[in-house]
Amino acid sequence: MDTKSILLVGVGGQGTILASKILTTGLMNADYDVKMSEIHGMSQRGGSVSTQVRYGKKVYSPIIGLGEADILVSFEEMECYRYLRYLKKDGNVILNDYQMPSAPILSGKAEYPEGLKEEIVKKVDNSLVIDAAKIAKEIGNIKTMNIVLLGALIKSMKLDFIDWEDVIRNNVKEKFIDINIKALKRGMEVV
Amino acid sequence: MKKLMTGNEAIARGVYEAGITFAAAYPGTPSTEILENVALYKDDIVAEWAPNEKVAFESALGASIAGARTFASMKQVGVNVAADPMFSFSYTGVNGGFVMVSADEPGIHSSQTEQDNRYYAKFAKLAMLEPSDSGEAKEMVKEAVKISEEFDTIALIRMTTRVCHSKSIVELNERCNVPLKNYTKNINKYATMPAISMKLRVKVEDRMKKLEKFSNETPLNYIEWNDKKIGVISSGVAYQYAKEVFGDTVSYLKLGFTYPLPMDKIKSFADEVDTLYVIEELEPFIEEQIKANGIDCIGKDKIPNVGELNPHIIRKNILDKENDSLDTDANKLIPRPPTLCAGCPHRGVFYELGKRKNIMVTGDIGCYGLGALPPLSSVDTIICMGASVSAGHGAAKVYRNNNSDKKVVSVIGDSTFFHSGMTGLLDVAYNQSNTVTIILDNRITGMTGHQDHPGTGITAQGQETLEADIEVIVKALGIRNVKTINPLRLNEMKEALDWALDLNEPSVIITRWPCALKRRTEKEKNEFGSRFDICKVNESICIGCKKCLSTGCPALSFNLEDKKAVINENMCLGCEICSQVCPVNAIDTIK
Ligand code: SF4
Ligand code: SF4
Ligand code: SF4
């Protein structure tokens, strides 16, 4: 098979890194060669975060270039637009219907840009907009938003043959295992 | 067993498998996680945070002379700090194998400079290896320790951000336990006095010749033959990028051992291919040496020497091809600049500093560099670790000698103070300037993600230890005017600044409060309390003046519709800085 490239983007603190870790571990368990890279500068302080996962028979570069991602999963609307150029012309987008204002917006110096979601959906033939916050809240913990999105990604990439529950069991704290498995399932159902 | 690891985790695993027993480092992105992971092998390896890279290097070299296999890691600018002992130790050579890592940062994600530390190998004349992914990183530590012992040299492993921080699959092996080597006193080897160094100097040249022979023979440098129209010489992550772009359509000479270069192998490879490309990240380190040997190649004509390399650049510049990508309008995007965290203990300091006129603020390396950015905008210079205090001293002297009443305030973190601020402060006291030094004591190394240091009273491997007392140190360095304050109380900060700026002698203000992200120890809970409350804006009182927003707290925002400030209760830590700034007391703490 050809190498597949997945780009996950969001804002520091949203859990993109945990989602990517679960994803990469599952892919490794399924005997793919896999490489993952995080780009986060000073993420603790509210910057944008992206993680890149590539898998296949043999993977060389750990990073994804412009127009190279098969799928873009965005945890936040504006970040989705920021990274849209990395998507292949015929790639898919999974967009969390969620906005997080950045510092200039918070301080009233700028306004959150309007119409980004609409523009993304128009530009990308294959896009899926999910209100992951709503689903995560229904399950009982807004913080599982990342795993809901991961579930949607797994289904979209037809990776549901891998034992993801096992990976979750080995990668999250005991008391969050059940809720994360629930989040994963709900995410898969959305697709 | 196979495991997914970052390059840094893989280096740590390599340190374990190679039978290394002593390791030291100072934290710095992108190298930090190496020692953090080495420290986990508590039963087999002593792992220490040193106060700075020079000390880390020197303690490791001492351990090597004593006969142990040893290790030191640092970021690229950290090597500048360790360069002095590195050059001398290159002359003496090792006893137990000595491996060091330089983690370079192409693209300058969180450093002062972008430097290609491969030149250090050439400059200090030592053996160098360059892994291109995690699997290689782990194996190369084991190779490096052997090379170090066999050729009596420091073995430098040069990593870059992308190798450090990307994950790939690593096959785990057992640890090889090696006995301590005998140490016998030998000043002709270990004492770099002029007469001895002259002899060592000749030995070093001899070593380099042997290493070059090794470089030509080692499987770390290998050829992959494909079509011979194009040949690519590459190293590090650049090799992976080249493979990504060209696949099996061109031939490769992959260099894992990059100093000294395998010039014979390079010549024979060059002879067989029609066009030779050298693809390397940052400087033309390999290209220059190849050209100096009279071999024609294309390198930096096509590949820039600035910033991180990627497959896109190679594809575009060599093949003249670009991927189709979607059009977006960058003007629509609002940036996400980093800010001091909500509840950061430094916020109040910079807020008060920003209000002062007629001062120069010399800053340093740490989270508090963000105090230079709007809205706080209260730092003038950021040069390198420790420079705030000494640069401040020089500036203050000039102002005083020119009868200027401008005052200098130097701002430095606790970890940075231990790193290289103490010597600067000694200079201030000894050479008599009147700077105000503010030591931002947030009880941890904040910027790199919470590593302990001598001031925290805990070691890299979690043991309790001496807790260095900054106030006592400052006094011992000769500063008579010292105040320790709580930086969350703006009036305390203001009074301390008034007091210090009024003095005609040097002074130190220690602002003592833990980093907002730090998990507090029992001892700290006693001193600082166990948690914050949160604050809330009383909308009926708020007049929408936006003064609170000038603190730059990310938990604060402004509602444009009803023109009131809003506090995000999920982020607020109730530090009360904003409430002290509000002119109408519209912000209350709620329990
Ligand atoms: S990590 Fe700590 S010291 Fe750094 S900005 Fe955040 S709160 Fe402040
Ligand atoms: S009290 Fe004010 S300044 Fe402090 S964290 Fe909360 S909103 Fe930010
Ligand atoms: S400083 Fe006080 S009055 Fe002014 S916007 Fe903030 S909360 Fe409102």
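The values are calculated or read from the model by the stated rules, or taken from the named source; none is laboratory data. Keep in mind that this is a model prediction, so the values were computed, not measured. Neighbour counts are summed over all protein chains in view; Cβ atoms, including those assigned to glycine, are modelled from backbone coordinates with ideal geometry. Quick note on the areas: whole protein, heavy atoms, side chains included, nothing else; ligands and nucleic acids left out. Shrake-Rupley method; radii C 1.70, N 1.55, O 1.52, S 1.80 Å.
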Give the residues of the stretch B:543-570 that are within 13 Å of ligand 2 (Cβ to nearest atom) and among the hydrophobic types (A, V, I, L, M, F, W, C), sorted by residue number.
B:CYS548, B:LEU549, B:CYS553, B:ALA555, B:LEU556, B:PHE558, B:ALA565, B:VAL566, B:ILE567
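Taking the stated definitions as given, is B:SER550 in contact with a Phe, Trp or Tyr (Cβ under 9 Å, 6 or more places away or on another chain), more than 16 Å from ligand 1 (Cβ to nearest atom) and under 19 Å from B:GLY343 (Cα atoms)?
Working: in contact with a Phe, Trp or Tyr (Cβ under 9 Å, 6 or more places away or on another chain): yes; more than 16 Å from ligand 1 (Cβ to nearest atom): yes; under 19 Å from B:GLY343 (Cα atoms): yes.
Against the criterion (in contact with a Phe, Trp or Tyr (Cβ under 9 Å, 6 or more places away or on another chain), more than 16 Å from ligand 1 (Cβ to nearest atom) and under 19 Å from B:GLY343 (Cα atoms)), B:SER550 qualifies.
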Can we say B:ASP562 is farther than 22 Å from B:ASP414 by Cα and more than 16 Å from ligand 3 (Cβ to nearest atom)?
no
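Please work out if B:SER557 is touching a Leu at 6+ places or on another chain (Cβ under 9 Å) and more than 16 Å from ligand 1 (Cβ to nearest atom).
yes
Name the single residue, out of those in the stretch B:314-327 being free of Cβ contacts under 8 Å to residues at least 40 places away in the same chain and open to solvent by less than 40 Å² (accessible area, probe 1.4 Å), that is farthest from the other protein chains (Cβ to nearest Cβ). Let's see the steps before the verdict.
Going residue by residue through the stretch B:314-327, those that are free of Cβ contacts under 8 Å to residues at least 40 places away in the same chain are B:316-317, B:320-327.
Now drop any that are not open to solvent by less than 40 Å² (accessible area, probe 1.4 Å), which leaves B:325-326.
Numbers: B:SER325: 3, B:LEU326: 5 Å.
Checking each candidate, the answer is B:LEU326.
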Among the residues listed as B:GLY369, B:GLY348, B:GLY424, the single one being closer than 30 Å to A:SER107 by Cβ, away from ligand 2 (no atom under 16 Å from the Cβ) and either modelled with pLDDT of 95 or more or outside any loop (DSSP other than H, G, I, E, B) (or both):
B:GLY369
Out of (1) within 14 Å of chain B (Cβ to nearest Cβ); (2) modelled with pLDDT of 95 or more; (3) part of a loop (DSSP other than H, G, I, E, B), the odd one out for A:ALA110 is which?
(2)
Quick one: in the stretch B:114-127, of everything that is touching a residue at least 40 places away in the same chain (Cβ under 8 Å) and more than 20 Å from the chain's Cα centre (by Cα), which residue is nearest to B:LYS146 (Cα to Cα)?
B:ALA127
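Condition check ((1) without any contact (Cβ under 8 Å) to a residue 60 or more places away in the chain; (2) over 24 Å from B:ALA121 (Cβ atoms); (3) within 12 Å of chain A (Cβ to nearest Cβ); (4) crowded, with 23+ Cβ neighbours inside 10 Å) across all residues:
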site: B:TRP225; (1), (2), (3), (4): yes, yes, no, no
site: B:TYR239; (1), (2), (3), (4): no, no, yes, yes
site: B:ALA242; (1), (2), (3), (4): no, no, yes, yes
site: B:GLY247; (1), (2), (3), (4): yes, yes, yes, no
site: B:VAL250; (1), (2), (3), (4): yes, yes, no, no
site: B:LEU255; (1), (2), (3), (4): no, no, no, yes
site: B:LYS265; (1), (2), (3), (4): yes, no, no, no
site: B:ALA270; (1), (2), (3), (4): yes, no, no, no
When the stretch A:34-75 is examined, which residues are found to be open to solvent by 30 Å² or more (accessible area, probe 1.4 Å) and modelled with pLDDT of 95 or more?
A:LYS57, A:LYS58, A:TYR60
So, in the stretch B:522-572, of the ones that are away from chain A (no Cβ under 13 Å), among the aliphatic types (A, V, I, L, M) and part of a loop (DSSP other than H, G, I, E, B), which residue ends up farthest from A:SER107 (Cα to Cα)?
B:ILE541
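Residue-by-condition table, conditions (1) within 17 Å of B:ILE438 (Cα to Cα); (2) away from chain A (no Cβ under 14 Å); (3) away from ligand 1 (no atom under 16 Å from the Cβ); (4) open to solvent by 30 Å² or more (accessible area, probe 1.4 Å):
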| site | (1), (2), (3), (4) |
| --- | --- |
| B:THR456 | no, yes, no, no |
| B:GLN463 | no, yes, yes, yes |
| B:LEU466 | no, yes, yes, yes |
| B:ILE485 | yes, yes, yes, no |
| B:ARG489 | yes, yes, yes, yes |
Identify all residues within the stretch B:508-533 that are among the hydrophobic types (A, V, I, L, M, F, W, C), within 16 Å of ligand 1 (Cβ to nearest atom) and in contact with a Leu (Cβ under 9 Å, 6 or more places away or on another chain); write none if there are none.
B:ILE510, B:TRP513, B:ALA516, B:PHE532
Among the residues of the stretch A:23-35, are any of a type in the set (Phe, Trp, Tyr), more than 8 Å from chain B (Cβ to nearest Cβ) and under 16 Å from the mean Cα position of the chain (by Cα)?
no
Scan the stretch B:539-554 residue by residue and report those that are open to solvent by 40 Å² or more (accessible area, probe 1.4 Å) and either on the phi > 0 side of the Ramachandran plot or more than 9 Å from ligand 3 (Cβ to nearest atom) (or both).
B:SER540, B:LYS546
Hits in the stretch B:565-575 - residues which are more than 15 Å from ligand 1 (Cβ to nearest atom) and either of a type in the set (A, V, I, L, M) or surrounded by 19 or more Cβ atoms within 10 Å (Cβ to Cβ) (or both)
B:ALA565, B:VAL566, B:ILE567
Evaluate the following for B:LEU440: is it open to solvent by less than 60 Å² (accessible area, probe 1.4 Å), within 16 Å of ligand 1 (Cβ to nearest atom) and either in contact with a helix residue (DSSP H, G or I) (Cβ under 8 Å, 6 or more places away or on another chain) or in a helix (DSSP H, G or I) (or both)?
yes
Conditions first: (1) open to solvent by 60 Å² or more (accessible area, probe 1.4 Å); (2) more than 26 Å from B:CYS553 (Cα to Cα); (3) within 30 Å of the chain's Cα centre (by Cα). B:LEU517 passes all but one, so which condition is the exception?
(2)
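Please work out if B:LEU309 is hydrophobic (A, V, I, L, M, F, W, C), at pLDDT below 95, crowded, with 21+ Cβ neighbours inside 10 Å and in contact with a helix residue (DSSP H, G or I) (Cβ under 6 Å, 6 or more places away or on another chain). Walk me through how you get there before you give the answer.
Values: hydrophobic (A, V, I, L, M, F, W, C): yes; at pLDDT below 95: no; crowded, with 21+ Cβ neighbours inside 10 Å: yes; in contact with a helix residue (DSSP H, G or I) (Cβ under 6 Å, 6 or more places away or on another chain): yes.
Taking the combined requirement at face value, the residue does not satisfy it.
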Condition broken by B:ALA82, with the remaining ones in (1) under 18 Å from the mean Cα position of the chain (by Cα); (2) surrounded by fewer than 24 Cβ atoms within 10 Å (Cβ to Cβ); (3) farther than 22 Å from B:LEU180 by Cα satisfied
(2)
Just checking, how many residues over the stretch A:93-120 are under 28 Å from B:SER325 (Cα atoms) and touching a residue at least 12 places away in the same chain (Cβ under 8 Å)?
15
